[in-house]
Every structure is written in structure tokens, then in C-alpha cells.
1. Quick one: net charge of residue 88's neighbours, Cβ under 12 Å, K/R +1, D/E -1?
2. Give me the net charge for the shell around residue 36: Cβ to Cβ below 13 angstrom, other residues only, Lys and Arg +1, Asp and Glu -1.
3. For the chain, just give the cysteines left without a disulfide-compatible partner, judged by no other Cys Cβ under 4.7 Å.
4. Once phi is turned into θ = phi - 60°, what whole-Hz ³J(HN,Hα) does the Karplus curve with 6.51, -1.76 and 1.60 give for every residue of the range 7-14, x standing for Gly and Pro?
5. If you take the charge dipole of the chain about its Cα centre, with +1 on Lys and Arg Cβ and -1 on Asp and Glu Cβ, which of 250, 72, 44 is farthest toward its positive end?
6. Across the chain, what fraction of all alpha-carbon pairs, as a whole percent, falls in each successive 10 Å bin from zero upward?
7. In whole percent, what relative contact order does the chain give with Cα contacts below 8 Å and a gap of six or more residues?
8. Using DSSP to call loops (not H, G, I, E or B), can you name the chymotrypsin sites (Phe, Trp or Tyr not before Pro) in the range 93-196 whose Cβ has at most 16 other Cβ atoms within 10 angstrom?
Amino acid sequence: MNNEKVKCLIIGSGPAGYTAAIYAARAGLKPVLYQGMEPGGQLMLTTEVENFPGYPQGIMGPEMMQDLMEQAARFETDIRSGFATSVDFSGDVHKVTVDEKHTIEAESVIISTGASAKWLGLDSEKRLRDAGGGVSSCAVCDGFFHKGKDVIVVGAGDTAAEDASYLANICNKVYILVRRDEMRASKIMQARIKSKKNIEILWNTVTEEVIGDQVVEAARIKNKETGEVREIPISGFFVAIGHHPNTGIFKEYIDMDAQGYIQTIKGSSRTNVEGVFACGDVQDSTYRQAVTAAGSGCMAALDAERYLAEKEAMAVEN
Ligand code: NDP
């Protein structure tokens, strides 16, 4: 059977992928979008989104993703379930295999496979996260729900420090759980959190359980040095132990940084492979917001459109 041929293939269905689809479809590129392992991306794990412009009353994360999907579908994006299992970007036409069986030849590819938050792996953490009960990986998204209350941030990198700092402005008290006796966060970030009166750093401390039936009520923590176990009453449990970009299948062809984030050419969504573009969290370890992802999705579609137009013009000339 011949491979399917498309002008523009979008891999991933977060705000970046759907925004790219809206722009590409309106530009007549007839995009095909594969939703990936987690249709809708990280926002499907969020409760209320209050910081996406255009929703004065806020909107639930899954509802916003449904809206974005419908908007992409309205302009005839071909939205399909399935995930890319391998790619071959060695030639002029890019090959992407979906679900290990269906190979597509795409003139342009937009990668918007996102990043996934890392979790501790505790059953109680998963249960209360799935229930929307106050376990979160996004302080900016969910901090507001804990206004005036006590929360925990787990982690010792810049994200944990930044999240703790952000939460300290909203919450009554923020505990940072650091598993070693030092933090990895930059000196300046450490100085910032140490200067806040309502942040307490608990060194050598790990979480044994997040306690609560429907919502977080406390956490049972353990000091690894002394062996002391205690419960801290909290309403929010924020996990900030890093993200991993979903870039494994592209490694052979696409330039990435040490963490595996795709490197785009400054001021664009272009990658080192012609005709392959990247947008959203897969190429952004700094901002990681729905609105910045959507903005970069727009850039990727415009870059793909220009790339295809130039290619077509060159083919006419020759
Ligand atoms: P990092 O990988 O830098 O840090 C993750 C932290 O989580 C580490 O301190 C690690 O501890 C801890 N950790 C990992 N697993 C566990 C676990 N199971 N239990 C408890 N703790 C755990 O991730 P970040 O998201 O913080 O940062 C990612 C990148 O983004 C970094 O390069 C960072 O500098 C950058 N960044 C920059 C910002 C800025 O400049 N404003 C803001 C946010 C991020 P350990 O140290 O013991 O390994």
C-alpha cells in the first residue's frame, strides 16, 4: 500500500498543536493532526484555568481543550487519535509512522508533543491528582485555590523555588520539601525563598503519603536523617520535580538541549531539519504556559506555510 501523503502533519494536541492546526487549516494546508498519548495534553489534568486571555470567568482545562479542538475541526483539520511511534527525517519528505503501522509522508511536520510533569509515584498522590483534590504540578494554574491556606512544594530546583515564591504571595504558609541537604536552585532563587517569612524549607525530607479522601488534608513526611515522621496539615500539594519533554522518537534527527527539549532557531519555530517545526512545551522549558504554547503554535503554522510556499515557488521556477 502506498504511504499517505499530506502537506502538513501536526503531532500532539495541546494548545500549541490545536493553535497550529487552526492557522494551518485556515491557510489551506489541510493539516492532519494526531492527538497523541494524552489527547488535550497537560491541561486535561488541570481544573480551572483563570489566566488564559478571553475567559473572564475562567474555564475548566478539559473544556478549553474541547473548545480548541472544535475550533481546529471547524476549519477542517483532520483530527485523528493515535500517536507517532517513529519518524524518518532523513529525506526531503518526512516520514512519520503512527501506532507502529501507518506511515505518513509529510511535506511539513509540526511537533507539539509537549512535556509531561514528573510525579513522585505515590498512590495517594495519583488518586488526589485524578480527583482534582489539590495535588498539582502547576503553581501558577492552581495556587489561587489555596489562598490564605498552607501548602507543600516538593522539589529543590528553580521550578520549586519559583513556585514556592509565587505561592508565598497567595498562601498563608509554604513548606518546601527538599530530599537532600542542599537545593539545586540558583543562588538568587534560594536567596529569594529564604527571605520570605512564610516559607519554611524542610531539608532531607521526603513524602510518605498525601492524606485526604476527596481533597488534600495533610501530608505525612519523613526526615531521612532523624527518621522522624510527622503530619503537616495542608490544602495543596505541589510537585515541582521537573518535566520531561516528549521527544524520544525525534532524537536521531532533531537538535535538542541536554534535557531533551527541542532547540528551535531563535525567533522562529524552525528546527535543524528543514520543514520540521516545533512549538509548545516540547521546545520551551522556561514559560510553559497555555498561552505561550498557543502563541508558538501560531508561529509554527506560519513558518510551515512560508516554507511550503517557498518550496512551491522554487519548484515552479525549476
Ligand atoms: P530540575 O531538574 O532542575 O530540578 C528538579 C528537582 O527536583 C531537583 O532538585 C531534584 O532533587 C528534585 N527531585 C527529583 N525527583 C525527586 C523526588 N522523587 N523527590 C523529591 N525531589 C525530587 O527541574 P526544574 O523544573 O526545577 O528546572 C528545570 C530547568 O528549568 C532547570 O534548568 C532550571 O534552571 C530551569 N528553570 C529556570 C527558571 C528560571 O530561570 N526562572 C525557572 C524554572 C526552571 P535533587 O536535587 O536531589 O536531584
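1. Numbers: positive: 95; negative: 92, 105, 252.
So the surrounding residues net to -2.
2. Numbers: positive: 80; negative: 38, 99, 281.
My count for the surroundings of residue 36 gives -2.
3. Lacking a cysteine Cβ partner under 4.7 Å: 8, 171, 279, 298.
4. 7, 9, 10, 10, 10, x, 10, x
5. 44
6. Percent of Cα pairs in each bin: 6, 25, 29, 21, 13, 5, 1, 0.
7. Working: 736 pairs, mean separation 64.9, N = 318.
For the chain, the relative contact order is 20 percent.
8. Working: sites: 119, 144, 145, 166, 175; in loops: 119.
Here the sparse-neighbourhood loop sites are 119.
Read the figures in this text as sums done on the coordinates, not as results from a lab. Predicted model, so just to flag it, every value in this text is computed and none were measured. No Cβ is skipped: glycine too gets one built from the backbone with ideal geometry, and neighbour counts run over all protein chains shown.
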